[in-house]
1. Kindly list the number of the only condition in (1) open to solvent by 70 Å² or more (accessible area, probe 1.4 Å); (2) assigned to a helix (DSSP H, G or I); (3) modelled with pLDDT under 95 that fails for M1.
2. Whether any residue in the stretch 288-302 is within 21 Å of E181 (Cα to Cα), within 24 Å of the chain's Cα centre (by Cα) and among the hydrophobic types (A, V, I, L, M, F, W, C) is what I want to check.
3. With closer than 19 Å to Y318 by Cα, of a type outside the set (F, W, Y), out of contact with any Phe, Trp or Tyr (no Cβ under 7 Å at 6 or more places or on another chain) and surrounded by fewer than 24 Cβ atoms within 10 Å (Cβ to Cβ) as the only criterion, which of D154, D196 stands out?
4. Inside the stretch 22-49, can you point out the residues that are at pLDDT 95 or above, under 20 Å from R218 (Cβ atoms) and assigned to a loop (DSSP other than H, G, I, E, B)?
5. Determine if the stretch 35-42 includes at least one residue that is within 20 Å of A90 (Cα to Cα) and in contact with a Leu (Cβ under 7 Å, 6 or more places away or on another chain).
6. Considering only the stretch 145-156, I want to know if a residue exists there that is touching a residue at least 24 places away in the same chain (Cβ under 8 Å), within 20 Å of G44 (Cα to Cα) and in contact with a Pro (Cβ under 7 Å, 6 or more places away or on another chain).
7. Go through I97, I145 for me and flag whichever is open to solvent by less than 20 Å² (accessible area, probe 1.4 Å) and farther than 28 Å from L323 by Cβ.
8. Considering only the stretch 276-307, state which residues are farther than 22 Å from I45 by Cβ and of a type outside the set (G, A, S).
Amino acid sequence: MIGKTASTFAHVPAGGEIAHGGRLAEARRLFPGAPELIIDLSTGINPRPYPVPDVPAEVWARLPEPSDAAALETAAAAAYGGDPTRVVAAPGTQVLISLLPRIVPLTSVAVVGPTYAEHAAAWAQSGAAVTEVGSLEAAAGHDGIVLCNPNNPDGRRTDPETLAALASELAARNGLLVVDEAFADLEDGPLSLIPDLPGAGVVVLRSFGKTYGLAGLRLGFAVAGPDLAVKIRAALGPWAVSGPAIGIGRRALADAGWLAETRARLDEDRQRLDDLLTRAGLAVVGGTRLYRLAESARAPAVFDRLGQAGIFVRRFAYRPDWLRFGMPSDESAWVRLAAALG
């Protein structure tokens, strides 16, 4: 995948889709004889979601006030260590990924990969020449650079000082650094660029659904300098985030105790999963607290064996020796995984 051009990322046929985790219909198609209760380990979504509070009936019945959205952005800024005026709430980070190329037209974009494929696809669809590179050093000379921190699927990290310097360099020539921090909430710092965000040349994307296990809520945030934040807000338009998402998001983002307890639980789960994978002869080569990346020449056979047992994991066409495992949600899922791994 290193050094491939924009045409590489335009290969998805009309009406086709980029491969993603969480496709249970695909799991049932591939493994029709598997137990009906499929354990989905193919995503990096927290398997134990934040407890959703009761939503008052009037929240469903009326549009949110601008002050409601502002309160959500203030809560996000407090959680992420940023300036509320630079935070823009959106209906999920995927919307922001698709929107950014329309707001900031760029000629050439380097995506540090392999990584989340929608970034390259969005910029390629905008007409930019997209190159996937293996490191930040190899991205030099492009007017746009995209990376995930920590990276999906291997968990690679880049220190914020390096990213801040890169953003300043890009800003000087009207370029843009896009940092996708979708999995940063539960990781140890220093990692996030948000607390020391430069005033231009960068946008940080932050997911809500992965950390809080509420992907269906569709909530995410862009954090950028004042000028770009204004453009993103205008492009999203009014009422970009629903009233229920605002209420639930505000409560969850302010619940530091739940986040700390979740991090501690996932530490134990991460070690337990690493031990299971290692005993099964798989090499753990990376990941985060929400997923682990394993490598083995037997990965295709392991994928099939797990699928027949009703356990769906993430495979990668570009690396058939890789499998990504999300965290099991409960003890019965752990037992089934251990049995299927043998």
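The values are calculated or read from the model by the stated rules, or taken from the named source; none is laboratory data. These numbers were taken from a predicted model, which means no experiment stands behind them. A quick note on method: Cβ atoms are made from the backbone with ideal geometry, for glycine too, and the neighbour counts reach across all protein chains shown. Please note that ligands, DNA and RNA were not included when accessible areas were found on the heavy atoms of the full protein model with its side chains. Shrake-Rupley method; radii C 1.70, N 1.55, O 1.52, S 1.80 Å.
1. (2)
2. Scanning the stretch 288-302, I find at least one residue that is within 21 Å of E181 (Cα to Cα), within 24 Å of the chain's Cα centre (by Cα) and among the hydrophobic types (A, V, I, L, M, F, W, C), so the answer is yes.
3. Of the residues listed, the single one that is closer than 19 Å to Y318 by Cα, of a type outside the set (F, W, Y), out of contact with any Phe, Trp or Tyr (no Cβ under 7 Å at 6 or more places or on another chain) and surrounded by fewer than 24 Cβ atoms within 10 Å (Cβ to Cβ) is D154.
4. Within the stretch 22-49, S42, T43, G44, I45, N46, P47, R48, P49 meet the criteria.
5. Quick first cut of the stretch 35-42, residues within 20 Å of A90 (Cα to Cα) only: none.
Taking every residue of the stretch 35-42 in turn, none turns out to be within 20 Å of A90 (Cα to Cα) and in contact with a Leu (Cβ under 7 Å, 6 or more places away or on another chain).
6. yes
7. Result: I145 is the single residue among I97, I145 that is open to solvent by less than 20 Å² (accessible area, probe 1.4 Å) and farther than 28 Å from L323 by Cβ.
8. Correct list: T278, R279, E295, R298, P300, D304, R305.
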